[in-house]
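Notes for the one structure printed next.
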Amino acid sequence: MALRGVWQLKKMVVSYSDWGGSSRGIRSFMESYLPAFKEKNPQLEVVTEHIRGQHPHLKGLYNNQNERVVCVKNMDPEEILQCATRLRNSLGRKVVKLRTRHVTKHPSVQGTWTTDIKF
């Protein structure tokens, strides 16, 4: 995703094994979908990394020095393309868990509305 016109994902590392069975989907992804993905995203540097004895994964390196790793073990090439597209479209920010269901700048003086009626 672009923030102020600048793409946030600067590098994507595709790690796979040429021997392992869990890398079957990513090997076919690299043959069929990866060249088209590179052409559609010229701003993105795509690097392939050969690792043996580990499950395949996609690693996204962002402009704000964050990185995200997505395991693509035993996935189809279409699912791996979807994961790569999600990495490209995300901003690279850390996920922050909300402490309450209702978030507002000006909380109600009377309290948040609930369905329970208390008399």
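The values are calculated or read from the model by the stated rules, or taken from the named source; none is laboratory data. As the structure is a prediction and not an experimental result, all values here were calculated from the model. Neighbour counts run over all protein chains shown; Cβ positions are idealised from the backbone, glycine included. For the accessible areas, the whole protein counts, side chains as well, though only heavy atoms, and no ligand, DNA or RNA atoms are used. Shrake-Rupley method; radii C 1.70, N 1.55, O 1.52, S 1.80 Å.
Remarks
- With respect to the conditions (1) closer than 14 Å to residue 82 by Cα; (2) among the hydrophobic types (A, V, I, L, M, F, W, C); (3) surrounded by fewer than 18 Cβ atoms within 10 Å (Cβ to Cβ), residue 58 falls short on a single one, namely (3).
- Some residue of segment 59-67 being of a type in the set (Gly, Ala, Ser), in contact with a Gly (Cβ under 8 Å, 6 or more places away or on another chain) and modelled with pLDDT of 95 or more: yes
- For segment 6-15, filtered to residues that are crowded, with 19+ Cβ neighbours inside 10 Å and aliphatic (A, V, I, L, M), the residue that is farthest from residue 77 (Cα to Cα) is 9.
- Selection from segment 16-52 of residues that are of a type in the set (S, T, N, Q), within 23 Å of residue 93 (Cβ to Cβ) and open to solvent by less than 60 Å² (accessible area, probe 1.4 Å): 41
- Contacts under 6 angstrom Cβ, first residue in segment 92-111 being closer than 30 Å to residue 59 by Cα, partner open to solvent by less than 100 Å² (accessible area, probe 1.4 Å) and hydroxyl-bearing (Ser, Thr, Tyr), 6 or more apart: 92/62
- Looking only at residues in segment 85-100 that are among the hydrophobic types (A, V, I, L, M, F, W, C) and under 15 Å from residue 1 (Cα atoms), the one that is least open to solvent (accessible area, probe 1.4 Å) is 87.
- Some residue of segment 69-83 being open to solvent by 100 Å² or more (accessible area, probe 1.4 Å) and touching an Asp or Glu at 6+ places or on another chain (Cβ under 9 Å): no
A quick yes/no check of all residues on (1) in contact (Cβ under 8 Å) with a residue 12 or more places away in the chain; (2) of a type outside the set (Gly, Ala, Ser); (3) not in a helix (DSSP H, G or I):
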{"position": "22", "(1), (2), (3)": "yes, no, no"}
{"position": "30", "(1), (2), (3)": "yes, yes, no"}
{"position": "49", "(1), (2), (3)": "yes, yes, yes"}
{"position": "53", "(1), (2), (3)": "yes, no, yes"}
{"position": "58", "(1), (2), (3)": "yes, yes, yes"}
{"position": "81", "(1), (2), (3)": "yes, yes, no"}
{"position": "84", "(1), (2), (3)": "yes, no, no"}
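- Condition broken by residue 28, with the remaining ones in (1) modelled with pLDDT of 95 or more; (2) small (Gly, Ala, Ser); (3) within 17 Å of the chain's Cα centre (by Cα) satisfied: (3)
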